[in-house]
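Some notes on the structure that comes next.
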Amino acid sequence: MNSNRLKIKSLSLLLAGCVAALSAAGCSGVQKLKAETVESQGLMAKLSTDKAAYRPGDKVSFTLDVNQDQPGSKIIVQYRHLGEQVGRQEVKLEGKKAAWSWTPPKEDGKGYMAEVFLTKKGKPVDHLNVAVDVSSDWSKFPRYGYLADFHAMTSDEQAGVIERLNRFHINGIQFYDWQYKHHEPLKMDEGEPAAEWPDIANRPVAYDTVKGYIDLAHDRNMKAMNYNLLFGAYEGAEADGVKPEWGLFRDPSQTNQDKHPLPDSWASDIMLYDPANAGWQTYLIDKEIEVFKHLSFDGWHVDQLGDRGALWNGKGESAKLSEGYVSFLKAAKEKLDVDYVMNAVGQYGQAFLATQAPLAFLYTEVWDAHPKYANLKDIIDQNGKYSKGKLNTVLAAYMNYDLADSAGQFNTPGVLLTDAVIFAAGGSHLELGENMLAKEYFPNRNLTIPEELEEQLVRYYDFLVAYQNVLRDGLEESGLTAKGSGEDEVSATPALNKVWSFAKKKGESDIVHFINFTDATTLDWRDNEGKQTMPEERKDMEVAIPTEEQVESIRFASPDYYNGSTVELLFEQKDGVATFKLPGLKVWNMVTVSYKQ
């Protein structure tokens, strides 16, 4: 074969390869747009997907709204997994809207980022991102939200609530206090569910609202979780068939039944029963089976009340609550095969629950025994060890708790710093519903969400989804320790006036996090009075990472920059130390250090 024919054949093969690659990852002849080079002009208003999560093979539908007509403009979409481009698409903008679809790779349990660029004359002038979760099992990457208001509502009102939660990719919803009575969760009327009933706080609950929310959640691939205690009944429950000898007692002579007191204006205090008692188990589980016959909940969110101190059962024997919880959950799973999530209040019973109970994931309601940012990471790490890395963690951690005693607004830096710690540590945060949680009583709405916080939380949840495979997908502890230089001090523990850094390992890469406490007023995650301050941005912060392995690449990503897009960083490696600069640090940065094999 002569040289000219060889050149022609090589060129043909190259062109064929480019054409084949265009639909997946583009080729070298197609310009890859870089988010870090775009100075946004605020032309794009809203970007969303049709569902909170997708099964492998599902089509993802996107919608984009722009603020005004953009004649001559084009929409370019780049699909990325952990920074690697896996697809590219040109989309037509019609008036102020664009709508299109994409089918992700069929791998299960993957997170993607769709980078959407508005271009004029081939130049990107605006940029937005939205994440995509392809997971057949919601419990692999749980992003838990809540609903707490079930009065008679229009379908449009309900749809608006679910649409908002969908934009945060909430894939499971806890239906809080929807029930009639704890020992009789669904009120029946002549063999059919009643149209309405009062909840424990005497607020109205409409059956159609509960059912409507379940249906709307399912339309978005969200799971609907039925909330109830596993050991509570109203006063006078004997009239409904509850036996006194099933009770939990404060004394071995069974004269003082344990109870959870509630305000006088509420329907009842909650009387407590032995979760290990076979009679009680049968009674309550049968009641829940009736619920699932009439309402298509996907699981049971099981609540407890934390450490109750010394208690005795109806036989005068010492009650072992943690073991009783496991016994109850196993019995429930046998008779009612749905998803189970159980609240470990202040971590009470979690060691038993994580190792022995049939749970979808672990859930901890964080209280005063774990007041610091470091404690949030400790709980998530501890839960990972309890479950041998098999179960992820959701934290119910109530923000601005004291501030919520009266009307006001959530404090943006307090919320973002807490979310940064939880997400970086590999967990997620139960916080979003019709509003945001500030109290253990979910209907509390004294605090509103500032517009700035709402917008930033969208980016934080996009980040949680897009990078779920390096945040909460089988990571291990890493011994890598990052160091700062000059005035930018980096600490291995949270400290005022410093940047907290910790690392985890995923495969052959180290995932290094930087959380900015340089201007923090407190290291208490709850930010009780809403006085936490927004960190001052650190520019071109120099970082050194000691490693004897040969570094292949260093990638930067942050919900605070470039809408979460990945950026390649320049680095230098010499004498066992890799050095690089962070483009900036506002609240939270993540750096992925990959090594040559």
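The values are calculated or read from the model by the stated rules, or taken from the named source; none is laboratory data. All values derive from a computational prediction rather than experimental measurement. All Cβ positions, even for glycine, are placed from backbone atoms using ideal geometry, and neighbour counts span all protein chains on display.
Couple of notes before you dig in:
- Filter result (more than 21 Å from residue 492 (Cβ to Cβ), among the β-branched types (Val, Ile, Thr) and buried (at least 17 other Cβ atoms within 10 Å of the Cβ)) within region 528-566: 566
- Of all residues making up region 438-481, the number that are modelled with pLDDT of 95 or more and part of a loop (DSSP other than H, G, I, E, B): 16
- Subset of region 93-124 (residues that are over 12 Å from residue 65 (Cα atoms) and not in a strand (DSSP E or B)): 103, 104, 105, 106, 107, 108, 109, 121, 122
- Note on region 367-378: among residues that are free of Cβ contacts under 8 Å to residues at least 40 places away in the same chain and under 21 Å from the mean Cα position of the chain (by Cα), the one that is surrounded by the fewest Cβ atoms within 10 Å (Cβ to Cβ) is 378.
- Residue 139 fulfils the conditions (1) in contact (Cβ under 8 Å) with a residue 24 or more places away in the chain; (2) farther than 30 Å from residue 228 by Cβ except for a single criterion, (2).
- Of the residues 110, 121, the single one that is surrounded by fewer than 19 Cβ atoms within 10 Å (Cβ to Cβ), over 24 Å from residue 174 (Cβ atoms) and touching a residue at least 24 places away in the same chain (Cβ under 8 Å) is 121.
- Residue list for region 569-586, filter: of a type in the set (Val, Ile, Thr) and surrounded by 15 or more Cβ atoms within 10 Å (Cβ to Cβ): 579
- Screening residue 497 against (1) out of contact with any Lys or Arg (no Cβ under 7 Å at 6 or more places or on another chain); (2) under 15 Å from residue 417 (Cα atoms); (3) touching a residue at least 24 places away in the same chain (Cβ under 8 Å) leaves a single unmet condition, (3).
- Scope region 497-551; condition among the aliphatic types (A, V, I, L, M) and not in a loop (DSSP other than H, G, I, E, B); matching residues: 499, 503, 511, 512, 515, 541, 543, 544, 545, 551
- Qualifying residue in region 190-205 (condition: surrounded by 14 or more Cβ atoms within 10 Å (Cβ to Cβ), assigned to a loop (DSSP other than H, G, I, E, B), of a type in the set (Phe, Trp, Tyr) and in contact with a strand residue (DSSP E or B) (Cβ under 8 Å, 6 or more places away or on another chain)): no
- Residue match in region 414-428 (condition: in contact with a Gly (Cβ under 8 Å, 6 or more places away or on another chain), touching a residue at least 12 places away in the same chain (Cβ under 8 Å) and assigned to a helix (DSSP H, G or I)): yes
- Out of 470, 465, 490, one residue alone is among the β-branched types (Val, Ile, Thr) and without any contact (Cβ under 8 Å) to a residue 60 or more places away in the chain. It is 490.
- The number of residues in region 482-525 that are loosely packed, with under 15 Cβ neighbours inside 10 Å and under 18 Å from residue 580 (Cβ atoms) comes to 4.
- Residues being polar (S, T, N, Q), in a helix (DSSP H, G or I) and surrounded by fewer than 19 Cβ atoms within 10 Å (Cβ to Cβ) - total across region 147-164: 1
- Options 218, 169: the member that is part of a loop (DSSP other than H, G, I, E, B), under 26 Å from the mean Cα position of the chain (by Cα) and over 30 Å from residue 273 (Cα atoms): 169
- For region 408-425, residues that are small (Gly, Ala, Ser) and in contact with a Leu (Cβ under 6 Å, 6 or more places away or on another chain) total 1.
- Between 584, 576, 507, the distinction of being among the small types (Gly, Ala, Ser) and under 30 Å from residue 403 (Cβ atoms) belongs to 584 only.
- Summed over region 559-580, residues that are closer than 26 Å to residue 114 by Cα and outside any loop (DSSP other than H, G, I, E, B) total 5.
- Answer residue from region 46-92, given it is assigned to a loop (DSSP other than H, G, I, E, B) and over 28 Å from the mean Cα position of the chain (by Cα) and is nearest to residue 135 (Cα to Cα) among those: 92
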